[in-house]
Each structure stands twice: as structure tokens, then as C-alpha cells.
1. Scan the range 127-158 residue by residue and report those that are surrounded by fewer than 18 Cβ atoms within 10 Å (Cβ to Cβ) and part of a loop (DSSP other than H, G, I, E, B).
2. Quick one: count up the residues across the range 308-327 that are over 19 Å from the mean Cα position of the chain (by Cα) and open to solvent by 40 Å² or more (accessible area, probe 1.4 Å).
3. Pick out the one residue from 161, 224 that is open to solvent by 20 Å² or more (accessible area, probe 1.4 Å), touching a helix residue (DSSP H, G or I) at 6+ places or on another chain (Cβ under 9 Å) and in contact (Cβ under 8 Å) with a residue 12 or more places away in the chain.
4. For the range 296-316, give me each residue that is within 16 Å of residue 360 (Cα to Cα), in a strand (DSSP E or B) and among the β-branched types (Val, Ile, Thr).
5. Within the group 43, 69, 29, which residue is in contact with a strand residue (DSSP E or B) (Cβ under 8 Å, 6 or more places away or on another chain) and either at pLDDT 85 or above or among the acidic types (Asp, Glu) (or both)?
6. List every residue pair whose Cβ atoms lie under 7 Å apart, where the two residues are 6 or more positions apart in sequence or sit on different chains, the first residue falls within the range 80-93 and is modelled with pLDDT of 90 or more and of a type in the set (S, T, N, Q), and the second residue, located anywhere, is assigned to a helix (DSSP H, G or I) and open to solvent by less than 50 Å² (accessible area, probe 1.4 Å).
7. Please verify whether the range 329-352 includes one or more residues that are over 27 Å from the mean Cα position of the chain (by Cα), among the charged types (D, E, K, R) and open to solvent by 40 Å² or more (accessible area, probe 1.4 Å).
8. Of 289, 301, 232, 265, which residue is over 30 Å from residue 125 (Cβ atoms), in contact (Cβ under 8 Å) with a residue 40 or more places away in the chain and either of a type in the set (S, T, N, Q) or crowded, with 24+ Cβ neighbours inside 10 Å (or both)?
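The values are calculated or read from the model by the stated rules, or taken from the named source; none is laboratory data. Source: prediction; values computed, not measured. Here Cβ is always computed from backbone atoms with ideal geometry, including for glycine, and neighbour counts include all displayed protein chains. Side chains are part of the model used for accessible areas, which takes the heavy atoms of the whole protein and leaves out ligands, DNA and RNA. Shrake-Rupley method; radii C 1.70, N 1.55, O 1.52, S 1.80 Å.
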Amino acid sequence: MKTEKAVPKYMELAKWINDQIRENKLQAGQKLYSENELREMFGVSRQTVRRATNMLEQEGILRSVRGSGTYINDNRQAILTQKKRVAVITTYVDGYIFPRMIQGIENVLLQSGYSVQIAFTNNQHGREKTILEDVLSRDEVSGIVAETTKSALPNPNLKLYQEIMRRRIPILFMNSFYPELTVPHVSINDHLAGYEMTNYLIRKGHRRIAGIFKLDDLQGRIRYAGYVEAMSEAGLGIDDTKILWLDTMDIRQMEKQTARVLERSIDCTALFCYNDEVAYGVLDILKKSGIRVPQDLSIVSVDNANLSMMGETGITTFPHPMEELGKKASENLLRMIRDPFFDANYEFDAKIIERDSVRRL
């Protein structure tokens, strides 16, 4: 499901100017139409014209000469297209959903004649900083596909991303996004995932539904919003004592969360888990505590990773498209390289995969 947005007038004007340059109707060094001419041509305000030209100046497409006018700058887009290399930045490179996602990215880019430069942040801001600085110092890539690092927290690397944008290097986020930046993203519909999985439990007769969400990634907050909406629509209150927030380190050491998991899920009949990694850890905790799934507690999750089928009980889950998401991210980035004004935002819907982790009350 692609989110459709109304295009502001200044963006329409900026896109028209960019198209004129791309089609060689306006060439490097040529003077742009005057402000008054653009106002009359498009029937817009002076402020709209200035906003469009200022944006294109910031991106290096136009340059303003005091007392003379605005001119077409050198076509950096042609330089980007010639470089034929894409930087791919992920949080992790092995295990879980990442190999298939990277495979989808590589398949599209290699078939399109691009080489792929892969780096992973280990979901650490310091590592993300090193990678971005290296990409900027080399200035050898046509574009960047990046998975966000702890996207729910203030990011110390936003200025590096802003520098990438200033240089007009096309960049696309996958899996999530930084809300402070106007960078497109390709991901699953996280709000829908939280809503559908919670609503599934409600349809099965569950009313006391606990939740485990990720604290430091934006996906966790958005899935929680979907959970809240489904509970509210059903007339069920949100009990904060039944909600557990975990960060990246907590999830890596789920056995240490035993007391918290049991405390938050006590007196509940069902539990929504942020993803299959969390759910797999929860299954182990419940088994060791003598709690049966689904007889005593029903479990649902998100991703449909291999982990969802590795335990004694298969987990009902909202699937992540993995390879298809990687392909879509690559395809949209290539469109952005050809057309900087292409709307590359895309969110995947999915159908719930039912297994044995939920019982009907």
C-alpha cells in the first residue's frame, strides 16, 4: 500500500524546472526564467517561486548570481548516474531477516549494472557515523539504501544525513525512517501489523492482551500505536502494567527479562510480541516457567522469520516480505537516481500467517 500525498505547489514547480534540465530544455550555465515570469507561467505566488528555487539552490541544481539572476548549475545527476555504485547500510548482515533482504537488494542492483558496497552498523550510532563519514569522504556512490539505527531515539548523525542530502546523493531508508528527515522509506506497514495482530487476538475472544514492544526503534512505537487503536476500537482499555518496553540489548538477552515478561503477562490470555525474535525468547521463558502456549497464553508476532517455526509451537505472525522489500528498495532508489522528484515511499501490506500459538476462547 503506497501512501499518496498531495504535492505542494513549490514542489510541482521545482519538479518542472528539474524536468526541463533533464530533458536539456534548460542547460548548464543557462539563465533561468525570472521570478515574475515563473509567477505568470504557473499562476503562483512570489513566495512559492522563491521556495522552489531556494530548494533547488540548496540541492546544487541552481545557483543565484547577485544582481544578475538565477542560473542552471552543472548537472550532478549525470555524474551520479555514471558512478554505478550503491552503498547499502544495514543494522546486521547475518541471521534473522537480513540475508534475504540483502539478497533482494543485490539481485536488482547487479542486474542493473551497479556494484554494491555493503556495511552494517550493528544498530550502533558510533558505527553508523563511521560508515557515513566514509561514504561522504569517498564520494563514489550513485545512491544509498540505509536501514535506520535506533530510529526512535535522537540521532547524533542527522547532520551527516543532511550533508548527503545537500550533495544530492539519492538516499532511501528501509524498514523504518528518521522522522526528522524528509527521506523516503520502504518498509512494512508497521501500524497495520500492530493493529491486525491485536485485532486477530480480539476476534479469537481475547480481551486481556499484553504487549512487548521495542523501545529504541520507531517500528516499536508504530506497532504499539496499531495495538492501541485495535484495543480502543474494541472498547478495551490500555493497561500500562501489561506493556513491556525492551531495547536492543534487552532483546539479545531475553532470559534476563524472565521476571518482567511474567509480571506483565500475568492474568492475561494473550501476548503481542514486537517480532519473532522476541516471541522465540518468550516461548523459552514460558516453557521454563511451566506456562503452556496456547493453552495458558496465546502468542502473536511480526516478521515470519525462521524463528517463528523453530520452537515446539509455530507462531502466528504478520509476515515481513524480506527479499521483496529489498527488491522494492533497490528499484525505488534507481528511480530516484533517474528522477530526484520520484516519490519512493512504499509500505507493504500482508496477510496473517496462522499457526498454533493462538487458541480461541
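1. Of all residues in the range 127-158, those surrounded by fewer than 18 Cβ atoms within 10 Å (Cβ to Cβ) come to 127, 129-130, 133-134, 136-140, 153-154, 156, 158.
139, 140, 153, 154, 156, listed by residue number.
2. First, pick out the residues of the range 308-327 that are over 19 Å from the mean Cα position of the chain (by Cα): 308-317.
With open to solvent by 40 Å² or more (accessible area, probe 1.4 Å) added as a condition, the list becomes 309-310, 312.
The number of residues fulfilling the criteria is 3.
3. Working: 161 fails: open to solvent by 20 Å² or more (accessible area, probe 1.4 Å).
Going through 161, 224 in turn, the sole match is 224.
4. 299, 300, 316
5. Numbers: 43 fails: in contact with a strand residue (DSSP E or B) (Cβ under 8 Å, 6 or more places away or on another chain); 29 fails: either at pLDDT 85 or above or among the acidic types (Asp, Glu) (or both).
On inspection, the qualifying residue turns out to be 69.
6. 90/98; 90/102
7. Going through the range 329-352, the residues over 27 Å from the mean Cα position of the chain (by Cα) turn out to be none.
Looking for residues that are over 27 Å from the mean Cα position of the chain (by Cα), among the charged types (D, E, K, R) and open to solvent by 40 Å² or more (accessible area, probe 1.4 Å), one finds none in the range 329-352, hence no.
8. Values: 289 fails: in contact (Cβ under 8 Å) with a residue 40 or more places away in the chain; 301 fails: over 30 Å from residue 125 (Cβ atoms); 232 fails: in contact (Cβ under 8 Å) with a residue 40 or more places away in the chain.
None of the other options fit; the residue is 265.
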